[in-house]
């Protein structure tokens, strides 16, 4: 059960309370913020990440046991009052406001937003255990990436963000999303000379000059897609349309959960319908549709497939080699259905873990090894027990470090891999090895009693 453990104070705009939420079992990479595309901004001097959600600036930081958070609201009267957002009790019981619930504190409502957005209600240990039991490859790799969660983003924000992701990289995607907020989003707060804006509404992006302005800001052909999709959602669909195609079991914030239907190899009926409806929008293909279904609409069985995922399927799941360089619909569906059959209703989450594990920037985690040697030596009436623990982690070395052996300390060595034995699709590797030794002496009688 999640709870607010402690409140303490330090300066921060109009709100100065720092709170913390117990995370449960410690996990060193519970939230790998570097994998988040979008509006979260790193603040190195305070070790925080900041983002505007529901008209409030949220700041998060964590240690191995707690997630710390604080908030700052906008002085603008146009900001939606937090009392209009549902409390945790409303979220749990159906999302309908009542006089009794309207008195919930702002702290309770902010905590509800954080738990919903970070998907904290899901039990990671149980999910990883289930996937590992069903898939030896996941069991081998997943343990090194135990803190990955699928965010429950706002459906509209997820839709536009993934339209921006087409033929793009993470840095440019984040820059585009930031430009959308600055030029069309509601101003919320200014902290340390930096302004923070909420994500723009469909109506804001459906204005007369939006397309031309976005082109001037460097959006290219995506400008037309964003504008046309905004028009379709705000003017050609009923109000709340995106929320209506969310997974009933994982609905938009403030709406009570309901059964989502029976699972099938190709996914639940609601997922298939949502996927097809998204394809009617400008700039939305099968992969973008699945990304939005997974991270914005809550359909956990949605498996976005690209050439990278196709390579994983070929290499690790015996899909066989293929000369085709692009995915057709048949292959796309076959890969996604295979993973759904293997991992079940949260296949998209498991797929994201293996996708992360396959990134070159995280290759060192999979190469980590640990060896423990215990030696027992009898000397007269005493017994000497010597324990050595060797931990080795494969890293990447700069090109100029070639065929060298660098002495770091008496217990740490950095050794270059032999020439000609490079890892595929990787820079030259080095091995960072750490060794610790513990020696204990005890009498033979005490050792015999211990047995």
(request) Please go through the stretch 269-293 and pick out each residue that is part of a helix (DSSP H, G or I), surrounded by fewer than 18 Cβ atoms within 10 Å (Cβ to Cβ) and in contact with a helix residue (DSSP H, G or I) (Cβ under 6 Å, 6 or more places away or on another chain). (result) none
(request) Can you confirm whether the stretch 155-173 contains a residue that is touching a strand residue (DSSP E or B) at 6+ places or on another chain (Cβ under 8 Å), farther than 28 Å from residue 124 by Cα and crowded, with 16+ Cβ neighbours inside 10 Å? (result) no
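Please pick out the residue among 339, 362 that is at pLDDT below 85, assigned to a helix (DSSP H, G or I), surrounded by 15 or more Cβ atoms within 10 Å (Cβ to Cβ) and out of contact with any strand residue (DSSP E or B) (no Cβ under 8 Å at 6 or more places or on another chain).
362
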(message) Being within 30 Å of residue 240 (Cβ to Cβ), in contact with a helix residue (DSSP H, G or I) (Cβ under 9 Å, 6 or more places away or on another chain) and modelled with pLDDT under 90 narrows it down to one residue among 296, 348, 260; which is it?
(response) 260
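Can we say residue 177 is touching a residue at least 40 places away in the same chain (Cβ under 8 Å) and either closer than 19 Å to residue 162 by Cβ or outside any loop (DSSP other than H, G, I, E, B) (or both)? So that I can check it myself, show each step before the final result.
Working: touching a residue at least 40 places away in the same chain (Cβ under 8 Å): yes; either closer than 19 Å to residue 162 by Cβ or outside any loop (DSSP other than H, G, I, E, B) (or both): yes.
In short, yes.
Within the stretch 192-203, count every residue that is out of contact with any strand residue (DSSP E or B) (no Cβ under 6 Å at 6 or more places or on another chain) and crowded, with 17+ Cβ neighbours inside 10 Å.
First pass over the stretch 192-203, keeping only residues out of contact with any strand residue (DSSP E or B) (no Cβ under 6 Å at 6 or more places or on another chain): 192-195, 199-203.
Subsequent filtering for residues that are crowded, with 17+ Cβ neighbours inside 10 Å retains 199-200, 202.
Within the stretch 192-203, residues that are out of contact with any strand residue (DSSP E or B) (no Cβ under 6 Å at 6 or more places or on another chain) and crowded, with 17+ Cβ neighbours inside 10 Å number 3.
Somewhere in the stretch 234-246, is a residue within 27 Å of residue 342 (Cα to Cα) and within 25 Å of the chain's Cα centre (by Cα)?
Quick first cut of the stretch 234-246, residues within 27 Å of residue 342 (Cα to Cα) only: 245-246.
Within this subset, residues satisfying the condition of being within 25 Å of the chain's Cα centre (by Cα) are 245-246.
Yes, the stretch 234-246 has at least one match.
The values are calculated or read from the model by the stated rules, or taken from the named source; none is laboratory data. Please read these numbers as outputs of a predicted model, since none were measured by experiment. Glycine also receives a Cβ, built like all others from the backbone with ideal geometry; neighbour counts cover every protein chain displayed.
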